[in-house]
């Protein structure tokens, strides 16, 4: 009780610029996720004054954050950034005062910082084709009627079937485009891309584990279709890298592939890098580098040679702050790095040469002529 009385007394101590956690592990998992660790371990208490309640970001002289943002309490913020605003959604800026969203196929509501998609489009930036992510949508056995859409997980998996594509703002009801063998229709199947995997940076769940597992219960968006890959008659597979308004794409031949083999140079049909078809490489695979201290997946890499010499085209760095090389250490994994040049890039070059994607989307096409 005495220890917790001291802890509560510390809560009344307000600090602003001096209130700094000095480690990215404060409140993080893996790391030091529990408040009880503040008193079990001296080094946690010393490194995490804001997390342990010795000081507070509430009186930060920069004032309150706008649009639902909050100060403090985010393991990704430490040192001089401990009390920076943690913005919600696509709000950005020092005080979360700017909307950082670009609507690819839709209109922006600047008051709510959300997109309202044009018919046929879906997703937070209206960059996804309106499609279902489950083969059960409209199927029997499965979810044969739109009455099933009142169930949250059905609605989440069946945007096209339920007619609820529309972006992060208000829903736009659209005609169903998914065709099922249990439904009678004269409309041909859509010859377009269907999203099957959407990597969400910083969620702490390794993207390679999510892809490799035999289920779809992950922090990333994964369609059950991934687990029946070889039955789908896939013609092409596309990777889309999105960084703000910037979009880069790679397209692979998916014919007679499995969920791993499509990602190879032999199957590459298009990429934004002119040298990729001819340059030497040491990794071109989804599994990538399997060293647990340097886990790198969806890895297209030219060469190693010690951390300063590492160079390549695309990598999902999984290990967060525990990465072997400085260039791959981020407050929370995974993170998606890619070359913004027309060729490979040295991973240590930073600046304008390295793209850090907000999302990496894997889509399939099953009816290319």
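The values are calculated or read from the model by the stated rules, or taken from the named source; none is laboratory data. Treat the numbers as computed from the prediction; the structure is a model and nothing was measured. Counting neighbours? That spans all protein chains shown, and the Cβs are built from the backbone with ideal geometry, glycine included.
Looking only at the stretch 84-114, residues that are free of Cβ contacts under 8 Å to residues at least 60 places away in the same chain and more than 16 Å from residue 67 (Cβ to Cβ) come to 2 in all. Please work out if residue 86 is surrounded by fewer than 20 Cβ atoms within 10 Å (Cβ to Cβ), at pLDDT 85 or above and either more than 30 Å from residue 160 (Cα to Cα) or more than 21 Å from the chain's Cα centre (by Cα) (or both). So residue 86 fits the description; yes. Among the residues of the stretch 205-223, those that are surrounded by 15 or more Cβ atoms within 10 Å (Cβ to Cβ) and in contact with a strand residue (DSSP E or B) (Cβ under 9 Å, 6 or more places away or on another chain) comprise 206, 207, 208, 210, 211, 216, 220, 221, 222, 223. Report whether or not residue 107 is surrounded by fewer than 19 Cβ atoms within 10 Å (Cβ to Cβ), part of a strand (DSSP E or B) and either at negative phi or over 21 Å from the mean Cα position of the chain (by Cα) (or both). For residue 107, the condition - surrounded by fewer than 19 Cβ atoms within 10 Å (Cβ to Cβ), part of a strand (DSSP E or B) and either at negative phi or over 21 Å from the mean Cα position of the chain (by Cα) (or both) - is met. Scoring residue 44 on the criteria (1) farther than 26 Å from residue 334 by Cβ; (2) part of a helix (DSSP H, G or I); (3) in contact with a helix residue (DSSP H, G or I) (Cβ under 8 Å, 6 or more places away or on another chain) leaves a single failure, condition (1). Of the strands (runs of 3 or more DSSP E) contained entirely in the stretch 244-330, those carrying at least 1 residues that are surrounded by fewer than 17 Cβ atoms within 10 Å (Cβ to Cβ) and touching a helix residue (DSSP H, G or I) at 6+ places or on another chain (Cβ under 8 Å) fall at 296-303. Inside the stretch 27-44, residues that are without any contact (Cβ under 8 Å) to a residue 24 or more places away in the chain, surrounded by fewer than 19 Cβ atoms within 10 Å (Cβ to Cβ) and closer than 19 Å to residue 321 by Cβ make up a count of 4.
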